[in-house]
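> Below are the structure tokens for one structure; questions will follow.
The values are calculated or read from the model by the stated rules, or taken from the named source; none is laboratory data. As the structure is a prediction and not an experimental result, all values here were calculated from the model. Every residue, glycine as well, gets a Cβ built from its backbone with ideal geometry; the counts of neighbours run over all protein chains shown.
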Amino acid sequence: MIFLILALLLLALVFGPGIWVKRVLSRYSTPANRYSGSGAQLARHLLDLSGLQAVAVERTKDGDHYDPAAKAVRLTDDKFDGRSLTAITVAAHEVGHAIQDAEGYRPLRWRGRLVRIMQPVERVGALVLMVSPFLGALTRAPTLGILLFLGGLMTLATSILVHLVTLPTEFDASFGRALPLLQRESILKSVDQPHARRLLTAAALTYVAASLMSLLNMARWLAILRR
């Protein structure tokens with residue numbers, strides 16, 4: 001019974017934030033025409049107000065994000081064309097990242113460096129995880145296989161490190177940049193203020209949900225190793 005309760009608590013911890021984020025984003029996606037301008041139009045307006053005319057606003061299929069290398073705010077179709085509270089709030093959040101970049105916000109730069117460093121490490125780690133059992137069997141040296149397995153497992157933790165560094169950057173983009181802009185320019189309807197705060201929290205916690213999924217992957221590999 002205790003094991004079952006612990007397992008349920010773990011599942012709630014891992015999947016709960018992601019479910020909450022999706023629910024909040026979906027809830028405020030209707031009505032679809034709540035605002036007169038689309039997410040893309042708002043992003044362009046806020047960027048211009050911030051003196052960032054050189055930053056592009058682009059459509060993407062890879063999730064809403066700001067690309068510091070390309071200097072582009074990228075929005076998925078529902079945010080790019082959408083006029084819902086979700087669309088304009090998420091657009092403002094990504095503009096917040098563009099402002100961070102323009103101001104030389106250090107945590108954003110650290111995140112960019114970590115991502116560039118960790119991506120190849122994660123790929124190598126995934127490869128090591130796949131081949132370590134075979135190497136151990138071929139060499140008949142179980143210790144070698146275990147060491148390689150643990151080495152690969154540790155590389156999975158790199159994504160967790162990236163997400164932990166990302167978290168303050170995300171909250172600053174939401175509440176240090178996006179919300180003040182929306183309030184200063186009187187973009188939000190007064191009744192939408194508390195809902196926008198919830199949405200901005202959801203936008204920031206997207207990476208927390210991803211980090212928790214990484215923890216679940218680590219637990220899965222550890223369970224395999226114990227066998």
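> Would you confirm whether any residue within region 207-226 is within 30 Å of ASN33 (Cα to Cα), part of a helix (DSSP H, G or I) and at pLDDT 80 or above?
No, because not a single residue in region 207-226 is within 30 Å of ASN33 (Cα to Cα), part of a helix (DSSP H, G or I) and at pLDDT 80 or above.
> Then there is this: Could you check, for region 77-88, whether at least one of its residues is at pLDDT 95 or above, closer than 25 Å to GLY104 by Cβ and either within 15 Å of the chain's Cα centre (by Cα) or not polar (S, T, N, Q) (or both)?
no
> If you don't mind, another one. Can you name every residue in region 182-204 that is over 23 Å from the mean Cα position of the chain (by Cα), crowded, with 16+ Cβ neighbours inside 10 Å and either on the phi > 0 side of the Ramachandran plot or part of a helix (DSSP H, G or I) (or both)?
Selection gives ASP192 alone.
> Further, regarding this structure: Can you tell me which residue in region 35-76 is farthest from the chain's Cα centre (by Cα), limited to those that are buried (at least 21 other Cβ atoms within 10 Å of the Cβ) and within 21 Å of ARG111 (Cα to Cα)?
VAL55
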